[in-house]
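The values are calculated or read from the model by the stated rules, or taken from the named source; none is laboratory data. From a predicted model like this one, the values you see are computed outputs, not experimental measurements. Note that we place each Cβ from the backbone using ideal geometry, even for glycine, and neighbour counts take in every protein chain shown.
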């Protein structure tokens, strides 16, 4: 259960946000000591903070700065001071998003959910991919078929991973080149063709005949 810390001095708004966040399945707490928000933050140890700008004693920018000294937790500013200067200030002080008051609770919930998804891993990463009895291991970049394990090069692994992740659908040549571009100095049309040919040969040696289908002028695919 993710914890959301609400720093809002309007108790009606704060409690309404708390109810909505709690209904979604998060644990929510509202700040009560606006002289020492950092102490309450440290005690609750939240995964996300909703921060108003206009607060008693010290404003939200101050507390954002204080939190940033000790934590990289996502912070969403929620304020009626939604002019460009305040939005820029919020980002510069370490805020991750800005919601203007009055706000729609569906928008608030969607932004909280999206930021939590980006910041934290909800599920364990998939370690294995399968197609037609062939199993691709993400952990060690190997392909296993009928009990035989085959080592793959970096490019072979990336191409096969992309194809199996999209099995039953065409993956364009441009999409594959973009994936290879992430690490290689240069990948052109001819280089891609050579890489695909080598991968096919290795698959055939493993026993996977016609595993990759060419869609002429478009790209490649593997069956589902």
Any hit, region 92-114, residues being touching a residue at least 60 places away in the same chain (Cβ under 8 Å), loosely packed, with under 14 Cβ neighbours inside 10 Å and under 30 Å from residue 200 (Cβ atoms): no
Residue match in region 152-164 (condition: more than 28 Å from the chain's Cα centre (by Cα), surrounded by 12 or more Cβ atoms within 10 Å (Cβ to Cβ), in contact (Cβ under 8 Å) with a residue 24 or more places away in the chain and outside any loop (DSSP other than H, G, I, E, B)): no
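In the set 143, 129, which member is within 23 Å of residue 198 (Cβ to Cβ), touching a residue at least 60 places away in the same chain (Cβ under 8 Å) and not in a helix (DSSP H, G or I)?
Numbers: 129 fails: touching a residue at least 60 places away in the same chain (Cβ under 8 Å).
One residue alone meets the criteria, 143.
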Residues located in region 198-213, provided they are in a strand (DSSP E or B) and exposed (fewer than 14 other Cβ atoms within 10 Å of the Cβ): 213
Filtered residues of region 87-104 (kept if touching a strand residue (DSSP E or B) at 6+ places or on another chain (Cβ under 7 Å) and assigned to a helix (DSSP H, G or I)): 87, 90
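Out of curiosity, is residue 182 over 17 Å from residue 208 (Cβ atoms), in contact with a helix residue (DSSP H, G or I) (Cβ under 9 Å, 6 or more places away or on another chain), surrounded by fewer than 16 Cβ atoms within 10 Å (Cβ to Cβ) and at pLDDT 85 or above?
No: the conditions fail for residue 182.
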The listed residue being touching a helix residue (DSSP H, G or I) at 6+ places or on another chain (Cβ under 9 Å) and over 30 Å from residue 221 (Cβ atoms), out of 71, 131: 71
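If the requirement is being without any contact (Cβ under 8 Å) to a residue 24 or more places away in the chain and either in the same structural domain as residue 86 (by TED's automatic domain parsing) or farther than 19 Å from residue 105 by Cβ (or both), which of these qualifies: 15, 40, 66? If you could, list the steps in order and put the result at the bottom.
Numbers: 40 fails: without any contact (Cβ under 8 Å) to a residue 24 or more places away in the chain; 66 fails: without any contact (Cβ under 8 Å) to a residue 24 or more places away in the chain.
Sole residue among the options that is without any contact (Cβ under 8 Å) to a residue 24 or more places away in the chain and either in the same structural domain as residue 86 (by TED's automatic domain parsing) or farther than 19 Å from residue 105 by Cβ (or both): 15.
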Residue list for region 117-131, restricted to those being loosely packed, with under 13 Cβ neighbours inside 10 Å and modelled with pLDDT of 80 or more: 117, 118, 130
